[in-house]
Amino acid sequence: MPRRLGGQVAIVGLGHTLQGELPGRSVSSIAVEAAAAALADAGIDRKDLDGLIACKSVQGGGGDVATGKLLGVNLPYVQTLDYGTCNFSLHLAVMAILSGMAETVLLTYGANARSGKFDFGAPVYGVDMAEANGLVHIAGRAGLALQRHKAIYGTTDEQFGMLAVGQRQWAQRNPNAIFRTPMTMDDYLAQPYMVAPLRRADVTMISDGGVAFVVTTAERARDLPNRPVYVAGIAEHAGVRGEHNPENLLRPWLRDAAGAIWANTGLGPDDIDALYIQDPTALWSLQMLEYYGFCGVGEGGPFLAEGHTLPGGRLPLNTHGGQLSESYSWGWMHLVEAVRQLRGQAGERQLDDPRLALYCSSHGFVKAAASVLSTDPEVAA
């Protein structure tokens with residue numbers, strides 16, 4: 001049975017720090033700087049909050065206790081997620097509000113992985129079959145997965161490269177983006193492999209930065225200054241059997257998250273005006289374009305080659321530049337961009353009157369999440 005949220009919960013505030021290098025800063029102080037900006041954007045004070053959801057950074061800091069101390073608040077509802085990627089944090093906030101445990105929730109994230117020189121060569125999921133063979137970074141598995149996709153479906157380097165080239169085109173319109181130097185397909189193909197067949201431009205940069213949101217009831221949102229962005233639907237699915245899943249490198253359980261978001265909202269791929277895919281590697285975008293039904297499974301390469309996701313295309317993808325060109329931020333800046341686009345605040349890269357945005361994210365090779373955001377409180381009601 002559809003689990004439609006309609007217009008019950010809305011995002012009413014967003015804030016972020018500079019993205020890049022913030023040396024000498026703690027994870028929680030970065031998160032709190034972003035939180036102050038989000039509260040100001042929402043037009044509310046700390047005393048108006050009754051919930052806090054903190055997302056730990058990749059280094060493990062930034063939990064609710066440290067963040068709450070710096071904010072100087074005691075709240076009825078406080079939680080920490082080990083891996084928020086914003087989608088998971090947003091979903092927890094929606095559930096807290098709908099259950100009545102909180103009415104106005106602050107979501108926070110902060111990281112200093114770049115200036116802190118975090119070691120991304122450490123095992124990601126503990127030692128399993130892949131990591132025992134040296135694939136300790138997520139790019140190792142992603143490289144194998146892309147090789148598999150190429151072998152099965154004939155995807156070419158030129159087709160796949162449209163993701164990195166397209167993200168750079170969008171980033172050139174974004175003053176927050178770290179990588180804004182133009183990159184042609186020839187430039188892309190000239191890069192050496194980082195983890196074959198992934199090139200440097202196919203893998204996220206590492207950057208410091210903080211992001212925060214204020215989420216509240218639709219009723220309260222009507223009294224606040226910004227145009228509310230409503231959460232029209234949410235869905236998750238986990239493939240926690242890991243290597244026991246057939247073809248787990250291709251992450252087939254993403255299809256289950258996709259089916260759930262369309263079932264929960266009564267919407268479909270053709271209804272989406274702007275698409276945001278958390279992309280620590282470009283492969284994530286290729287997989288989710290297929291599994292969420294924007295093209296057929298195995299047809300992602302030709303779909304990309306036709307330019308649909310580029311500026312001016314029919315399916316704008318990661319209009320801020322994503323993790324490949326804007327910043328790392330564990331996908332939190334994807335939600336910032338989705339909200340800005342729906343508010344009409346995206347400047348030079350603003351789309352023409354977008355009404356529905358889909359944000360898809362995943363936790364590596366184990367979890368998937370999706371959210372549909374809308375300018376219309378009646379959507380999926």
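The values are calculated or read from the model by the stated rules, or taken from the named source; none is laboratory data. Values in this document were obtained by computation on a predicted structure and should not be read as measured data. Ideal geometry is used to build each Cβ from the backbone, glycine not excepted, and the neighbour counts take in all protein chains shown. These accessible areas exclude ligands, DNA and RNA; they are computed on the full protein's heavy atoms, side chains included. Shrake-Rupley method; radii C 1.70, N 1.55, O 1.52, S 1.80 Å.
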quick note, the chain, DSSP beta bridge pairs, % antiparallel (nearest 5) is 70 percent
What is the mean projected area of the alpha carbon convex hull for the chain, to one decimal in square nanometres?
17.1 nm²
For Glu158 and Arg4 in the same chain, what is the full-extension length gain: residue separation times 0.36 nm, less their Cα-Cα distance, in nm?
51.5 nm
Just how large is the dipole of the chain about the Cα centre, in debye to the nearest 20, putting +1 at every Lys and Arg Cβ and -1 at every Asp and Glu Cβ?
440 debye
Please figure out what share of the DSSP beta bridges in the stretch 260-369 is antiparallel and state it in percent, rounded to the nearest 5.
40 percent
Label point 7 Å beyond Cα of Glu299 along Cβ direction - residues of the stretch 268-284 with amide nitrogen under 17 Å
268-272
Pop out the carbon and sulfur fraction of the accessible area of the stretch 1-66 as a percent, whole number, probe 1.4 Å.
53 percent
Any GluC sites (Glu not before Pro) in the stretch 299-381 that lie in a DSSP loop and have at most 11 other Cβ atoms within 10 Å would be Glu378
Please calculate the 1.4 Å probe accessible area of Arg168, with all protein chains present, and give it to the nearest 10 Å².
30 Å²
May I ask for the net charge around Gly296, where only other residues with Cβ less than 15 Å from the Cβ of Gly296 are counted and Lys, Arg are +1 while Asp, Glu are -1?
-3
From the backbone phi of the stretch 208-220, what are the Karplus-calculated ³J(HN,Hα) couplings (6.51 cos²θ - 1.76 cosθ + 1.60, θ = phi - 60°) in whole Hz, Gly and Pro given as x?
8, x, x, 9, 8, 9, 10, 10, 8, 6, 4, 4, 6
Apply the a/c threshold of 1.5 to the C-alpha gyration tensor of the stretch 1-82 and tell me whether it is rounded, prolate or oblate.
prolate
Within the set Lys150/Lys367; Lys56/Lys150; Lys69/Lys117; Lys69/Lys367, which residue pairs have Cα atoms separated by over 32 Å?
Lys56/Lys150
What is the mean projected area of the alpha carbon convex hull for the stretch 249-362, to one decimal in square nanometres?
6.8 nm²
By accessible area of protein heavy atoms, probe 1.4 Å, what ranking do Arg222, Arg200, Arg251 get, highest first?
Arg222, Arg200, Arg251
Can you give me the distance in nm between label points at Gln59 and Arg355, each placed 7 Å from the Cα along the Cα-to-Cβ direction?
4.5 nm
When only Cα pairs under 8 Å and 6 or more residues apart are kept, what is the percent relative contact order across the stretch 46-99?
41 percent
Could you name the aspartates and glutamates whose alpha carbon sits less than 19 Å from that of Lys47, not counting residues in the same chain fewer than 8 places away?
Glu33, Asp64, Glu103, Glu219, Asp223
With the convex hull built on the alpha-carbon atoms of the stretch 328-369, volume per residue in Å³ sits at 76 Å³
Net dipole in debye of the stretch 247-381 [+1 Lys, Arg Cβ; -1 Asp, Glu Cβ; about Cα centre; nearest 20]:
320 debye
Please work out whether the stretch 285-331 counts as rounded, prolate or oblate from its C-alpha gyration tensor, where a ≥ b ≥ c are the square roots of the eigenvalues and a/c under 1.5 means rounded, while otherwise a/b larger than b/c means prolate and anything else oblate?
oblate
For the stretch 181-253, what is the accessible area per residue in Å² when the probe is 1.4 Å?
44 Å²
Charge context of Asp82, other residues only, Cβ under 14 angstrom, K/R +1, D/E -1:
+1
State the extension gain, in nm to one decimal, for the chain segment bounded by Leu189 and Glu378, taking 0.36 nm per residue of separation less the distance between their alpha-carbons.
63.5 nm
